[in-house]
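> Attaching a single structure in C-alpha cells format; questions to follow.
Nothing in this text is a laboratory measurement; each read-out follows from the coordinates by a stated rule. What you see is a predicted model; the values in this text were computed from it and never measured. FYI the Cβ positions are ideal-geometry reconstructions off the backbone, even for glycines, and counts take in every protein chain you see.
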Amino acid sequence: MSIMNRTRGAVLVGLSLSLVLTGCGSDDDDSGDSAGSSSSGGSSAFPVTIEHAYGETEIPDEPQRVVSLGYTEQDAILAFGVVPVAVRYAFGPEDDVFFPWADEAAGDAEPEILGRTEVDAEQIAALEPDLIMAVTAGLTQAEYDTLSGIAPVVVQPEEFPAFGTPWQDQTLVTGRALGQEERAEELVAEVEARFEEARAAHPELAGRTVTLSGVAYEGEYPFHASSDTRTQFFLDFGMVVEPRLDEIAGDEFYGTVSQEQADLLDADVLLWQSGSDEERAQIENDPILNAIPAVAEGRALFVEGSDYDALQFSSVLSLPYLLDGLVPQISGVVQGAAA
C-alpha cells in the first residue's frame, strides 16, 4: 500500500511507521522521573486483556507511564485524565502536540515528542513505558512485535483497517486499557448525544452526497473513503459517499482518481482539506478542479485552520469542536444549493 504524508503539506494521511531497531534497552534512567498522571485510581480493574488486529495484549497493572504512539492518539488518552509521557508528532507546530480542544486536559504537561516518520525503539524503551497506545499508528505485525518487547502495545481492533477505527471504538478501547471502561461509555454517550442534537438541527444533510478531497498527489486527486475516520464524521449526519469512490478505494481508507476522472469527486458537498495557504492556492488555481460542477456551482467548501486540525483527529475531544464550527458551514452550502 502506498501511504501518503499526513503533514500540512499533503492532506491524505497514512504515514507508515519505520522503527529504528538499534536496540530496545537503555542504560539511561534519567527519564524515570517524568511520570504520566492518572485520575483513575481504578487499579481493581486490572489485569485487563484487549483483543486487537495482532492478537491480544494483557495489561497487568494500572498504567502510569503511557506512550501515545498513534498519530492522533493523545486525545483519547487525555480524555481519561491521563497525560502521556511521550506523544507522536503528526502535524502542526513541532513543539506543541496538544491542540486547542485538548489544552485544558493536557494542562502544562510537556511530554517528549516522538518523530513523525521514524521512531527509535531505543528512545521509547528509555521512557520506561508500561503501556504503548497505537490504535492510530498503523503498525505492521513486525513493528508491533518489536514494541511489545518494551511494554504492552494496543493497536486497532481487528475489524477495522489501519487509520479506520471509529472514535467510539477508540475511546472504548483506550478506556479499557486505562482501567476506566465505565467512564469511556459515559464519554461516548455524551458525544453521541451532541451528534443527535446536531442531526435534529440539520435534517437537510441526510442523504446528501459528500466528497472529502485535497491537493493533488503525484498527478492524481485524493479522496477519503467511507471507512476513513474523517469521512465518518459526515456519514453520522446521514450523508453518503459516491459508491464508485468506495469501489476505487477498495479495502483502503483512501483512493485517488486521475485528472480524466476528476468529475467523480463531484458531490452535493465537496470538501477541500487545506492545511496551508499554499495548498489552498494549489486547489483554487487548478483548472481541472474548477470544472467540477460542485466548484462551479458553489457547493465546494474549504476545511482549514482549526477545523482542518479537528477533522484529522476526529476524536472524542475534537468532534464537539467540529459540531459547533463546521456543521453550520456545511448546512449553509446545502441550503444555498437548494435555494
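> If you filter the range 77-158 for GluC sites (Glu not before Pro), then keep DSSP loop positions with at most 16 other Cβ within 10 Å, what is left?
The qualifying sites are Glu94, Glu158.
> Can you list residues whose amide H is under 5 Å from Ala86's amide H, if they're 5+ apart or on another chain and H is modeled 1.01 Å from N?
Ser68, Glu112
> While we're here: In whole Hz, with x marking every Gly and Pro, tabulate ³J(HN,Hα) for the range 147-162 from phi via Karplus 6.51 cos²θ - 1.76 cosθ + 1.60, θ = phi - 60°.
5, 5, x, 9, 6, x, 10, 10, 10, 5, x, 4, 6, 10, x, 4
> Related question: Using a Förster distance of 30 Å, how high is the FRET efficiency between Glu284 and Glu94, based on the Cβ-Cβ distance and rounded to 0.05?
0.65
> Rounded to whole Å and ordered largest first, report the semi-axes of the equivalent ellipsoid of the range 180-303 derived from its Cα gyration tensor (root of 5λ).
29, 16, 14
> Please give the FRET efficiency for Ala142 paired with Glu197, using the beta carbon to beta carbon distance and R0 = 41 Å, rounded to the nearest 0.05.
0.40
> If you place +1 on the Cβ of every Lys and Arg and -1 on the Cβ of every Asp and Glu, how big does the dipole about the Cα centre of the chain come out, in debye to the nearest 20?
900 debye
> Take every Cα pair under 8 Å in the chain that's 6+ residues apart, average their separations, divide by the length, and report that relative contact order as a whole percent.
Computed value for the chain: 18 percent relative contact order.
> For a quick check: with amide H placed at 1.01 Å from N, whose amide H comes under 5 Å from Val48's, ignoring anything fewer than 5 positions away on the same chain?
Residues meeting the criterion, in which the H sits 1.01 Å from N, are Ile59.
> Continuing with this model, one more query. Rounded to two decimals, what ratio of Rg to Rh does the chain give with C-alpha atoms and a Kirkwood Rh?
0.98
> Something else about it: Counting only residues 5 or more places away or on other chains, whose amide H sits under 5 Å from the amide H of Arg208 once H atoms are built in the peptide plane?
Val240
> If you don't mind, there's one more thing I want to ask. Which ordering of Thr211, Thr256 is given by a fewest-first count of other beta-carbon atoms within 10 Å?
Taking fewest neighbouring Cβ atoms as first place, the list is Thr256, Thr211.
> How large is ³J(HN,Hα), in whole Hz, for each residue of the range 264-280 in order, when computed from phi with the Karplus curve 6.51 cos²θ - 1.76 cosθ + 1.60 and θ = phi - 60°, using x for Gly and Pro?
Rounded to whole hertz, the list is 5, 6, 4, 7, 4, 9, 10, 9, 9, 7, 10, x, 6, 4, 5, 5, 4.
> Arranged by the count of other C-beta atoms within 10 angstrom, fewest first, what order do Glu304, Glu73, Glu62 take?
The fewest-first ordering by Cβ neighbours comes to Glu304, Glu62, Glu73.
> Per residue of the range 206-219, what does 6.51 cos²θ - 1.76 cosθ + 1.60 with θ = phi - 60° give for ³J(HN,Hα)? Whole Hz please, x for Gly and Pro, Karplus curve as stated.
4, x, 7, 7, 9, 10, 10, 9, x, 5, 4, 10, 6, x
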